[in-house]
Amino acid sequence: MSERTFEELELLPAIKRAIDELGFDTATSIQSEAIPLIRTGADVIGRSQTGTGKTIAFGIPALELLSRGGERNGRHGASPRVLILCPTRELAQQACGELQKLSRYMHGARCVEVYGGVPLERQVVRLKKADLVIGTPGRIMDHLRRGTLRLDEVQMVVLDEADEMLSMGFKEDIETILADAPEERQTVLFSATMPPAILALTKEFQRDPQLVEIDRQHVTLDNISQHYIDAPMGRKLDALNLLLRFHTPNRAMIFCNTKRMVDEVTDYLLKNDFAAAGLHGDMNQSQRTKTMDLFKAGRTAILTATDVAARGIDVSDIDYVINFDIPQSAEYYVHRIGRTGRAGKTGTAITICSGRRQVFTLRDIARLTRSAISPLDIPTLAAIREKSMAGNMDLLEKTIQDGVEEAYVSMVNSLLAKGNSLPAIAAAALELAFGKAEREIVEIKPLRRGPSGGEGGYRRITISIGRSARCAPNHIVGAIAERTGLSGGEIGKIEIYDDRTVVGIPAGKLDMVLEAMQGLKILGRPTVTTEYRDPSSRAPRRNSRSKPGGGYRSRHGEH
């Protein structure tokens, strides 16, 4: 797909002036193709990923539409001529900010964003003067119900990140908004994926839509080095610690699949002295804004987020993206790693797998995205020490050159007078200065497990949930660790069958585990945990609570 210069796109002088001041010369692929097409008034479907310049792609034609005249009627509520729907507050803020920059030299192009988390009343006055409104579906619906926003003069509706809005449950709101807008409007839809729900939406609300699709691999993956590690079951957090200490990213994003895991990973990083913060949908607006401001300013080096919360993030100098959880699809994988390698810079993406199934899932993603995702060894303490030594030596040399306080020189002389050698004194000082971080690192060594769940005193338990409930090893490890306090390294071999899971547990902790697992829900389903009985054995183990002819013995009922 060819790219054009903004000169070739023949922009309005006011917009061209703003583009020049922003330092843009060449339009991206999606901008080069979509801008001329949207200008024609046709309904358009744009399939592209985050970070490809979609806002400018639909923003320039929208502002050009406003430049062609037309008066608002704000007597009984705002009635803009352009409406843009976004899935999150952050994305609405970001899009509005970009359009305000583009329209800074235009008259009659006032852009206003509306979203939840702030009082409606604050937005009403600004809406009455709006030519272009950008908002989340829920808040747009709030204003429509109150009559503080009308759509009777809307000439263009843009759905940005349409797939994400549907996945967040905004389908009915979007349908209501589109049905309320004039039938002769232009409808522009941007989506990273095209699931059936999106296709149904385009069929009902667009007329003969024209498709623009960019090469996802070319746009998002060329400058990104992609890798994975295979961590032992239950040791992902330790593996993450080792990765961060070895690679020392200036700014990194860590992606998790759930809000709970974002909190867990963030708490772990903070306890291990990393400058980290979490971002997910349960946080209020002030918390989200503060977190993003600190990350953009570089005061927080690591941001842990869910896919949805990360949609509105626009930071160009992220050098590492780490998938703590395997992405739910190839599209999500591209969305995530596309946060790095932007603006001509290179980036690194590392996915933490745990077990063969997750490795195979990642290989499927690699095939679908035509990516080369190469394996990495989990960093060792020796490798981390070797890499950090050069930096520590530079720091020491600089301190010597700047001058050492006399009190420390006197301390060295006193230690020498007591018969200590100078190398021993220096080594002890270095250990005090740099050894704390090393002592907090938990190395990952291969687990020695026997064929029946472990060597040296492992017993097995059975949990009444399996593949049919979409249960994965991380669900089992997380549930056991939370209920029992066992670390991931103590949990033995995990075998998942259709309706049950067999897990190796240290023999000395079997009774405690069976007791603690009473009433446990996994993936929202009640489970029964029992001591495993080998099907080839007729004699029930611990007959005291087994039925005649028993199966598994349980602390809280039979299975």
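The values are calculated or read from the model by the stated rules, or taken from the named source; none is laboratory data. Note that the coordinates shown come from a computational prediction; the quantities given were computed from them, not determined experimentally. As a convention, Cβ positions derive from the backbone with ideal geometry for all residues, glycine included, and neighbour counts pool all protein chains shown. These accessible areas exclude ligands, DNA and RNA; they are computed on the full protein's heavy atoms, side chains included. Shrake-Rupley method; radii C 1.70, N 1.55, O 1.52, S 1.80 Å.
The residues of the range 303-322 that are open to solvent by less than 10 Å² (accessible area, probe 1.4 Å), modelled with pLDDT of 90 or more and not small (G, A, S), listed by number, are L303, T304, I318, V321, I322.
Of the residues making up the range 340-350, those that are within 27 Å of M165 (Cα to Cα), open to solvent by 10 Å² or more (accessible area, probe 1.4 Å) and of a type outside the set (A, V, I, L, M, F, W, C) number 2.
Checked against (1) over 23 Å from S487 (Cβ atoms); (2) among the aliphatic types (A, V, I, L, M); (3) free of Cβ contacts under 8 Å to residues at least 60 places away in the same chain, V262 passes all but condition (1).
For the range 84-131, the set of residues classified as under 22 Å from the mean Cα position of the chain (by Cα), farther than 16 Å from K54 by Cβ and at pLDDT below 90 consists of R89, G116, G117, listed by residue number.
For every residue, the table says whether it meets (1) farther than 25 Å from V114 by Cα; (2) open to solvent by less than 10 Å² (accessible area, probe 1.4 Å); (3) of a type in the set (G, A, S); (4) not in a loop (DSSP other than H, G, I, E, B).
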site: T291; (1), (2), (3), (4): no, no, no, yes
site: F295; (1), (2), (3), (4): no, yes, no, yes
site: P327; (1), (2), (3), (4): yes, yes, no, no
site: E331; (1), (2), (3), (4): yes, no, no, yes
site: I352; (1), (2), (3), (4): yes, yes, no, yes
site: A366; (1), (2), (3), (4): yes, no, yes, yes
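Of V513, V502, all but one fail to be buried (at least 21 other Cβ atoms within 10 Å of the Cβ) and in contact (Cβ under 8 Å) with a residue 12 or more places away in the chain; the exception is V513. Residues that are touching a strand residue (DSSP E or B) at 6+ places or on another chain (Cβ under 8 Å) and outside any helix (DSSP H, G or I): does the range 259-266 have at least one? For the range 259-266, residues touching a strand residue (DSSP E or B) at 6+ places or on another chain (Cβ under 8 Å) and outside any helix (DSSP H, G or I): absent. A count restricted to the range 519-529 and to residues that are surrounded by 14 or more Cβ atoms within 10 Å (Cβ to Cβ) and assigned to a loop (DSSP other than H, G, I, E, B) stands at 3. Residues that are of a type in the set (S, T, N, Q) and open to solvent by less than 50 Å² (accessible area, probe 1.4 Å) number at least 1 in the following strands (runs of 3 or more DSSP E) confined to the range 149-254: 186-191, 224-230.
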